[in-house]
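The values are calculated or read from the model by the stated rules, or taken from the named source; none is laboratory data. What you are looking at is a predicted structure, and each value in this text was computed from that prediction instead of being measured. Cβ sites come from the backbone with ideal geometry, for glycine too, and all protein chains shown count toward neighbours. Note: areas computed on protein heavy atoms with side chains; ligands, DNA, RNA excluded. Shrake-Rupley method; radii C 1.70, N 1.55, O 1.52, S 1.80 Å.
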Amino acid sequence: MAKKIKTLFYCSSCGHESSKWVGQCPACREWNTMVEAPLPARSGSSPYAGHSGTGPVSRRKPVPLSAVDEASEERFSTGFTELDRVLGGGIVAGSMTLLGGDPGIGKSTILLQAARNIAASGLDVVYISGEESLRQIKMRGKRIGAISDRLRFLCETDLDAVTDILREEKPRLAIIDSIQTMYSAQVQASPGSIAQIREATGILLRLAKEENISFFLVGHVTKEGNVAGPRVLEHMVDAVLYFEGDRYASYRVLRSVKNRFGSTNEIGIFEMRGDGLAEVMNPSEFLLNGRPHDASGSIVTCSMEGTRPLLLEVQALVSHVSYGYPRRQSTGTDINRISLLLAVMEKRLGIRTSEYDAYINLAGGIRQTEPALDLGIVMAVLSSFRNVPVDDHMIVFGEVGLSGEVRAVPMAQLRVQEAAKMGFTACVLPRSNLRRLEAPEGMRLLPVSSLAELVDYL
Ligand code: TYD
Ligand code: MG
């Protein structure tokens, strides 16, 4: 009798493991997400094994934190201050970072540029591509400039060959472009399948911790915007970065959604040029570039990305309903929030928003859902509704509550300062933020406590 192959089921959405198939995942309650994968042959080879260190488990003992050497976290710079900041201060030795993003957004480009900078600083880097030929990589390389010989390339999809080579070469950084193309013969599943991706990541993770090699994995993104394959990938790696932006516009935003070595609030802004990606040091200036003057429905607001204030333009267009019920459309912000704000306006300001279609756009393709944008959105809608432009040198921020009250937002001082720095002279803000706020020179603070008061500033 043939020996039965042992298999395991796990949820492709949350990674929950089960020994039998079930229709609904008991952990995340998603339907039809359980997939079958062969049980890895090696004993104790959970993808998490080796993650917490090597050596026999029995020999490890609990230690007090005071005995832990802080200085042991070794980092190196990518040569991009924006990328370093998103990573929490450079790449941690032996860490694994997943970089997700739509096709053509610039994942290969940014990693190639970072690899080039790291190689130029004297560290060995290996770039493994399963997607492009050496000639294609060379063509891209030509655009970004001279590349040191310390950066070497390998076109390979066989994971076992890749791990052998990396063990031999022991580079400081290895880039896998992309994890979906890697295939290990040890796993009985087709390339690109969830089982393969999961195992491949587990194998590389062990290698990273054992040989102290830092890894960057490129991951493709599904239509829903998650890294394709199992969400479990996100649980396994140390950091998850997303590269986003409109492919047809030149700016790109690098965002961290998970980081074991830093804050997840940081973003980096890049611009795609003819010679690769360039960092944008002053994002507010960049985002406000090309703003229309004296146009109704356009307003500048300030939102926070971590500790960084970002000035951005909110545009609103309202027009009479053309069909049955009103359309609400938004680019860059939460559509439900827009519906809510329009309902609040209808109830508290008596404006018949339900008779109008409303289109809201955060200019520059940036995505923001912070409540501090509320007041800016309301102001933009009001301005478009009445067809009155707002003062060009005014910014508006604040959270709007259901009863039309304007509520305080965090870090008001930073927002006001950023506005002053960019040449704005007036700021409409929540009255409750006024206490302990110092107005920068030349800045008029216009406090409001309700939407009714906001109308006065139009
Ligand atoms: P790429 O890094 O290949 O994207 P990904 O790996 O995320 O799929 O980026 C491809 C796009 O970037 C492509 O449309 C061409 C453009 N590009 C530039 O505009 N300038 C450049 O210097 C380079 C290298 C690419
Ligand atoms: Mg690519």
### Task
Answer with one residue from Leu112, Thr97, Leu83: the one whose Cα lies farthest towards the positive end of the charge dipole of the range 69-135, charges on Cβ with Lys, Arg +1 and Asp, Glu -1.
Leu112
### Summary
Checking every Cys Cβ in the chain against the others at 4.7 Å leaves as unpaired Cys155, Cys302, Cys427
#### Entry: Per-pair calculated FRET efficiency, R0 = 41 Å: Met139 and His293 via Cβ, rounded to 0.05
0.45
### Query
Cα-Cα over 26 Å: which of Lys61/Lys170; Lys20/Lys61; Lys138/Lys209; Lys61/Lys209; Lys61/Lys258?
Lys61/Lys170; Lys20/Lys61; Lys138/Lys209; Lys61/Lys258
### Task
Go ahead and run the numbers for FRET between Asn212 and Ser339, Cβ-Cβ distance against an R0 of 45 Å, rounding to 0.05.
0.30
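With a 1.4 Å probe and all protein chains left in place, how much of the accessible area of the range 285-439 comes from carbon and sulfur atoms, in whole percent?
Details: 3400 of 7000 Å².
Accessible surface attributable to carbon and sulfur in the range 285-439 totals 49 percent.
Under a 1.4 Å probe, what is the accessible area of the chain per residue, stated in Å²?
Details: 21720 Å² over 458 residues.
With the other protein chains kept in place, the chain gives 47 Å² per residue.
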## Note on the structure
In terms of the charge dipole of the chain, which places +1 on Lys and Arg and -1 on Asp and Glu at the beta carbon, the residue among Tyr10, Val126, Met411 farthest towards the positive end is Tyr10
### Query
Reachable aspartates and glutamates from Lys107, Cα under 12 Å, same-chain residues fewer than 8 places away excluded?
Asp177, Glu244
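Would you mind counting up the charge near Ala452? Only other residues with Cβ under 11 Å from its Cβ, with Lys and Arg at +1 and Asp and Glu at -1. If you can, show how the numbers build up before the last one.
Values: positive: Arg348; negative: Glu405, Glu453, Asp456.
Every neighbour counted, the sum reads -2.
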### Cα centroid of the range 233-307 to Cα centroid of the range 328-380, whole Å
21 Å
### Task
Sort the following peptides by mean Cβ neighbour count (other Cβ atoms within 10 Å, averaged over residues), highest first: 129-141, 154-166.
154-166, 129-141
### Query
What are the aspartates and glutamates whose alpha-carbon lies under 14 Å from the alpha-carbon of Lys347, with same-chain residues fewer than 8 places away excluded?
Glu355, Glu405
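Cβ under 13 Å from His293's Cβ, His293 left aside: what net charge do those residues give with Lys, Arg +1 and Asp, Glu -1?
Details: positive: Arg291; negative: Asp294, Glu313, Asp391, Asp392.
After counting each charged neighbour, the total is -3.
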### Task
Please give the net charge around Ala119, taking every other residue with its beta carbon less than 11 angstrom from that of Ala119, where Lys and Arg add +1 and Asp and Glu add -1.
+2
### Query
For the Cα atoms of the chain, what angle does the longest principal axis make with the long axis of helix 107-120, in degrees from 0 to 90, nearest 10?
70 degrees
#### Entry: Within the range 291-370, GluC sites (Glu not before Pro) in DSSP loop having at most 14 other beta-carbon neighbours inside 10 Å
none
#### Entry: Fraction of the pair-distance distribution of the chain above 40 Å, Cα-Cα pairs, percent
33 percent
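Please get the size of the charge dipole for the range 237-295, origin at its Cα centre, with Cβ charges of +1 on Lys and Arg and -1 on Asp and Glu, quoted in debye to the nearest 20.
Working: 7 positive and 9 negative charges, 46 e Å.
Dipole of the range 237-295, to the nearest 20 debye: 220 debye.
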### Query
By how many degrees, between 0 and 90 and to the nearest 10, does the Cα long axis of helix 194-211 differ from the longest principal axis of the chain?
80 degrees
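Using Cα-Cα distances under 8 Å and only pairs 6 or more residues apart, what relative contact order does the chain have, in percent? Mind showing how you got there, number by number?
Details: 961 pairs, mean separation 56.0, N = 458.
The value is 12 percent.
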### Query
Against the longest principal axis of the chain, how steep is helix 412-421, in degrees 0 to 90 to the nearest 10, with axes from Cα atoms?
80 degrees
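Which value, in debye to the nearest 20, describes the size of the charge dipole of the chain about its Cα centre when Lys and Arg Cβ atoms bear +1, Asp and Glu Cβ atoms bear -1, and nothing else is charged?
Working: 51 positive and 52 negative charges, 203 e Å.
Its charge dipole is roughly 980 debye.
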